[in-house]
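A.B. asks: I am attaching a structure below and will ask some questions about it afterwards.
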Amino acid sequence: MIVEKIAGQTLAPIKAEHSISHQNWVEAAQVSAAFSISHDGSSIYLIYHVTEDQVRAVNTEYNSAVWDDSCVEFFLSLETDGENYYNFEFNAIGTVLGAYGKNRNQREWLSESLLSQVQTAPSLGRQVIESLEETTSWTLQVRIPVQVLNFSGVKDLSGMDGHANFYKCGDKLKQPHFLSWKPVILPSPDFHQPRFFGQLSFL
C-alpha cells in the first residue's frame, strides 16, 4: 500500500478507502470496517469507519484493555524496527493502548507521556458506553506523531517502507469478532503475527 504524503492535516473527516473485511476465526457479517491512512512526514493520520450492532467502550485509562471493547487497531513495523513492531489499539471513545516488541509476550508498554501525544477524535464522544445494542456507525480519527515511535529513531517518515495490519475486534461483545485488513491464517485468534502484515510505503 502507498501511504500518500499530504501538506498537513487537522483531525477532520476524510473518506475511508481500505476495507477491514477478512473475518478471521468467526463470522462477523454484522460488522463492517474500513480505514484510510496518510502522513505529512512528521505524523501518521488514520481514520476508521465502523458499523456494528453493539458498541461497548468502558476502558478509559491509557494501556487498559481496549480490545475487550469496540476496538480498532494499527500494528506497524518500520524498516528500522527489524523484527519489532508497534501495536496501537483504540476503543470507540478514543482510549489509547500502545506497546512495542517482537511478539505478543516480549513487549514494552509505551509510556503515558508518549501516548498523551496521540490525538484521537471519536464521533461517539468520550463518555463510557456500557452497551449500545443497536446498529451504530462510528468513526475514529487518529494522529500519531513520529515522536511516539520512539524506538525507531525516525524523524521523517517520507520515503520509508514498513509493514502493517489493521484490525477491528471486540472480545467482550456479545458476538466477538476479529476482522483484519490482511488475513491472519492461524487456527486461533492472535493478531500479534507480523508475518501476516502487508507492505506500506510512505511517499
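A.B. asks: In the stretch 152-203, carbon and sulfur make up what percent of the accessible area (probe 1.4 Å)?
C.D. replies: Heavy-atom surface of the stretch 152-203 belonging to carbon and sulfur, 1.4 Å probe: 53 percent.
A.B. asks: Ile20's amide H: which non-local residues (gap 5+, or another chain) put their own amide H closer than 5 Å, with H modeled 1.01 Å from N in plane and none for Pro or chain starts?
C.D. replies: Here Ala33, Ala34, Phe35 satisfy the definition.
A.B. asks: For the chain, calculate the relative contact order in percent as a whole number, restricting contacts to Cα pairs under 8 Å that are 6 or more residues apart.
C.D. replies: RCO, the chain: 29 percent.
A.B. asks: If the chain between Asp53 and Thr80 were fully stretched, how many nm would it gain, using 0.36 nm times the residue separation less the Cα-Cα distance?
C.D. replies: Gain on stretching Asp53 to Thr80: 5.8 nm.
A.B. asks: If you roll a 1.4 Å probe over the heavy atoms of the protein chains, what accessible area per residue do you get for the stretch 1-160, in Å²?
C.D. replies: Values: 7140 Å² over 160 residues.
Value for the stretch 1-160: 45 Å² per residue.
A.B. asks: Counting only pairs 8 or more residues apart or on different chains, how many lysine pairs in the chain have their Cα atoms under 27 Å apart?
C.D. replies: Number of lysine pairs found: 13.
A.B. asks: A follow-up question, please. Among Pro176, Ile6, Trp25, whose Cα lies farthest out toward the positive end of the dipole of the chain, if unit charges sit on the beta carbon of Lys, Arg (+1) and Asp, Glu (-1)?
C.D. replies: After comparing all options, I get Ile6.
A.B. asks: Also, quick follow-up: Can you work out the FRET efficiency for the pair Gln199 and Arg126, with r the C-beta to C-beta distance and R0 = 41 Å, to the nearest 0.05?
C.D. replies: Step by step, r from the Cβ atoms, then E = 0.75.
A.B. asks: Taking only DSSP H segments of four or more residues, each worth -39500 (n - 2.57), what value at 222 nm results for the chain once the sum is divided by all its residues, to the nearest 500 deg cm²/dmol?
C.D. replies: Rounded to the nearest 500, it is -500 deg cm²/dmol.
A.B. asks: Tell me which trypsin sites (Lys or Arg not before Pro) from the stretch 98-203 have a DSSP coil assignment and no more than 16 other beta carbons within 10 Å of their own.
C.D. replies: Details: sites: Lys102, Arg104, Arg107, Arg126, Arg143, Lys155, Lys168, Lys172, Lys174, Arg195; in loops: Lys102, Arg104, Arg126, Lys155, Lys172, Lys174.
Of the trypsin sites (Lys or Arg not before Pro), the ones in loops of the stretch 98-203 whose Cβ has at most 16 other Cβ atoms within 10 Å are Lys102, Arg104, Arg126, Lys155, Lys172, Lys174.
A.B. asks: Using a Debye calculation, one point per C-alpha and no hydration shell, please list log10 I(q)/I(0) for the stretch 32-94 at q = 0.19, 0.24, 0.27 Å⁻¹ in order.
C.D. replies: -0.85, -1.11, -1.21
A.B. asks: So if I take the alpha carbon set of the stretch 76-203, get Rg, then get Rh from the Kirkwood formula, what is the Rg over Rh ratio?
C.D. replies: 0.96
A.B. asks: Relative to the Cα centre, what is the charge dipole magnitude of the stretch 77-152, using +1 at the beta carbon of each Lys and Arg, -1 at the beta carbon of each Asp and Glu, and rounding to the nearest 20 debye?
C.D. replies: Details: 5 positive and 9 negative charges, 32 e Å.
In debye, rounded to 20, the stretch 77-152 gives about 160.
A.B. asks: So, one more: Would you list Val128, Val66 from the most to the least accessible area, probe 1.4 Å?
C.D. replies: Val128, Val66
A.B. asks: Evaluate the charge dipole of the stretch 1-157 about its Cα centre and quote only its size in Debye, nearest 20, assuming +1 on the Cβ of each Lys and Arg and -1 on the Cβ of each Asp and Glu.
C.D. replies: Numbers: 9 positive and 20 negative charges, 87 e Å.
Here the stretch 1-157 has a charge dipole of around 420 debye.
A.B. asks: Assuming 0.36 nm per residue, please report the length gained on full extension of the stretch Lys174 to Leu186 beyond their Cα-Cα distance. Numbers along the way, then the final one.
C.D. replies: Details: separation 12, 0.36 × 12 = 4.32 nm, distance 2.28 nm.
2.0 nm is the gain from fully extending Lys174 to Leu186.
A.B. asks: Okay, next question. Taking Cα centroids, how far is the stretch 56-80 from the stretch 117-158 in Å?
C.D. replies: The two parts, judged by their Cα centres, are 9 Å apart.
A.B. asks: Is the stretch 1-111 rounded, prolate or oblate when judged by the Cα gyration tensor, a ≥ b ≥ c being the square roots of its eigenvalues, rounded requiring a/c under 1.5 and prolate requiring a/b larger than b/c?
C.D. replies: It comes out rounded by the Cα gyration axes.
The values are calculated or read from the model by the stated rules, or taken from the named source; none is laboratory data. On a predicted model such as this, the values are computed, not experimentally measured, just so you know. Cβ coordinates were reconstructed from backbone atoms using ideal geometry, including for glycine residues, and neighbour counts include every protein chain displayed. When the accessible area is computed, the model is the full protein with side chains, heavy atoms only, and any ligands, DNA or RNA have been set aside. Shrake-Rupley method; radii C 1.70, N 1.55, O 1.52, S 1.80 Å.
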